[in-house]
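*Asks:* This is the structure I have questions about; it appears just below.
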Amino acid sequence: MNKIHSSAIVGKDVRLGEDNEIGPGCVIEDGVVLGSRNRLWMNVYVGPGTTIGDSNQIHMGAVIGHLPQDAAFTGEPTFTKIGSRNVIREYVTIHRGTKPDSETLIGDENFLMANAHVGHNCQVGNRATLVNLATLAGHCVVEDGAVLSGMVVVHQFCRIGRLAIISGLSAVNKDVPPFMLCGGRPAVIQGLNVVGLRRAGFSPNSREGIHAAYKLLYRSDLNVSHALEMIQKQCHGEELTQLVRFIQSAKRGICAGIQAEPDTLRPRKVRVLRAR
């Protein structure tokens, strides 16, 4: 049996599973599909065209499936789809797609901390973490197990690869390959997510192969295309195939390594005016 607070508003044609708890002040718009065993704390808003799976925790003030922040949005039907066992904390905002019939997708077992934002048409995989105030602009992709630390900003159409980790206050404007440690403004690759690889159960051989690929990409004099050729020749395994394919499909390019400092980080010569 569902528990729906008397002050909650549930629209027409809403489909509810079993054992949901819908708290005071919640608004569930027309046509929403809500699975089973979800808990919506007080004042949660769920917009039309939203589908939510099972056993999600959606905390106070979260806004899911509202209008995209896009001046080109014409008001056509668009969608938001969220999987199961996600934790969505206070005041998280997740906007629906912007082009007709498009959608924003979030998988399973993700942890979106307070005030995180997922823009229109983003895709978030499984077991990803967005720490407080992490922000995804439109059309971003976050792959499985990635971690975006506090106040990270990701430019539209950028991708964050599997098990990559972005340090706090970073600004990401290019793709971050899988397994990397990244940070800065603009963000650069600073190393490997060694702890994340171990926690994910990667074997020593797999970790060694990823480390060898990292050195070819970011610690050699090879350009990206030549580095990929060497990785394909010298490094083998499913994870390396995934890494190569990710980089080959990058439309915005990938983040540079820390040794190739962006111009904005290089000290500039300052002309000193002397009194005469």
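The values are calculated or read from the model by the stated rules, or taken from the named source; none is laboratory data. On a predicted model such as this, the values are computed, not experimentally measured, just so you know. All Cβ positions, even for glycine, are placed from backbone atoms using ideal geometry, and neighbour counts span all protein chains on display.
*Asks:* So Val142 fits all but one of (1) within 17 Å of Val87 (Cα to Cα); (2) surrounded by fewer than 21 Cβ atoms within 10 Å (Cβ to Cβ); what number is the exception?
*Replies:* Exception for Val142: condition (2).
*Asks:* Please determine, by comparing only the residues of the stretch 177-206 that are of a type in the set (Gly, Ala, Ser) and either assigned to a loop (DSSP other than H, G, I, E, B) or over 24 Å from the mean Cα position of the chain (by Cα) (or both), which one is surrounded by the fewest Cβ atoms within 10 Å (Cβ to Cβ).
*Replies:* Gly201
*Asks:* Give the residues of the stretch 50-67 that are surrounded by fewer than 21 Cβ atoms within 10 Å (Cβ to Cβ) and not in a strand (DSSP E or B), sorted by residue number.
*Replies:* Those that are surrounded by fewer than 21 Cβ atoms within 10 Å (Cβ to Cβ) and not in a strand (DSSP E or B): Asp54, Ser55, Met60, Gly61, Leu67.
*Asks:* Can you give me the number of residues within the stretch 157-175 that are surrounded by 23 or more Cβ atoms within 10 Å (Cβ to Cβ), assigned to a loop (DSSP other than H, G, I, E, B) and of a type in the set (A, V, I, L, M)?
*Replies:* The number of residues fulfilling the criteria is 2.
*Asks:* Surrounded by fewer than 24 Cβ atoms within 10 Å (Cβ to Cβ), of a type in the set (Gly, Ala, Ser), modelled with pLDDT of 95 or more and closer than 23 Å to Gly184 by Cβ: is that true of Ser149 in this structure?
*Replies:* yes
*Asks:* For the stretch 70-91, does any single residue satisfy the condition of being among the β-branched types (Val, Ile, Thr), surrounded by fewer than 18 Cβ atoms within 10 Å (Cβ to Cβ) and farther than 21 Å from Val124 by Cα?
*Replies:* Within the stretch 70-91 (the criterion being among the β-branched types (Val, Ile, Thr), surrounded by fewer than 18 Cβ atoms within 10 Å (Cβ to Cβ) and farther than 21 Å from Val124 by Cα), the answer is yes, since at least one residue qualifies.
*Asks:* Additional query: Just to be sure, is Leu217 under 14 Å from Pro178 (Cα atoms), part of a helix (DSSP H, G or I) and in contact (Cβ under 8 Å) with a residue 40 or more places away in the chain?
*Replies:* yes
*Asks:* Give the residue that is farthest from the chain's Cα centre (by Cα), with candidates limited to residues of the stretch 207-228 that are farther than 12 Å from Gly191 by Cα and of a type in the set (Ser, Thr, Tyr).
*Replies:* Looking at the filtered set, the residue picked out is Ser220.
*Asks:* Return a yes/no flag: does the stretch 141-148 have any residue that is over 10 Å from the mean Cα position of the chain (by Cα) and outside any loop (DSSP other than H, G, I, E, B).
*Replies:* The answer is no; no qualifying residue exists.
*Asks:* Can you tell which of Ile210, Ile189 is in contact (Cβ under 8 Å) with a residue 40 or more places away in the chain and within 25 Å of Lys233 (Cβ to Cβ)?
*Replies:* Only one candidate qualifies: Ile189.
*Asks:* Right, something else. In the stretch 207-236, which residues are surrounded by 12 or more Cβ atoms within 10 Å (Cβ to Cβ), of a type in the set (Gly, Ala, Ser) and more than 21 Å from Ile165 (Cβ to Cβ)?
*Replies:* Ser220, Ala227
*Asks:* Is there any pair linking a residue in the stretch 108-135 that is crowded, with 24+ Cβ neighbours inside 10 Å to one that is charged (D, E, K, R), with Cβ under 7 Å and at least six apart or on different chains, and which?
*Replies:* Cβ pairs passing all conditions: Asn110/Arg127; Leu112/Arg89; His120/Asp70; His120/Arg96; Ala128/Asp144.
*Asks:* Given the conditions (1) under 21 Å from Asp54 (Cα atoms); (2) without any contact (Cβ under 8 Å) to a residue 40 or more places away in the chain; (3) buried (at least 23 other Cβ atoms within 10 Å of the Cβ), report the number of the one that Arg96 does not fulfil.
*Replies:* It is condition (2) that Arg96 fails.
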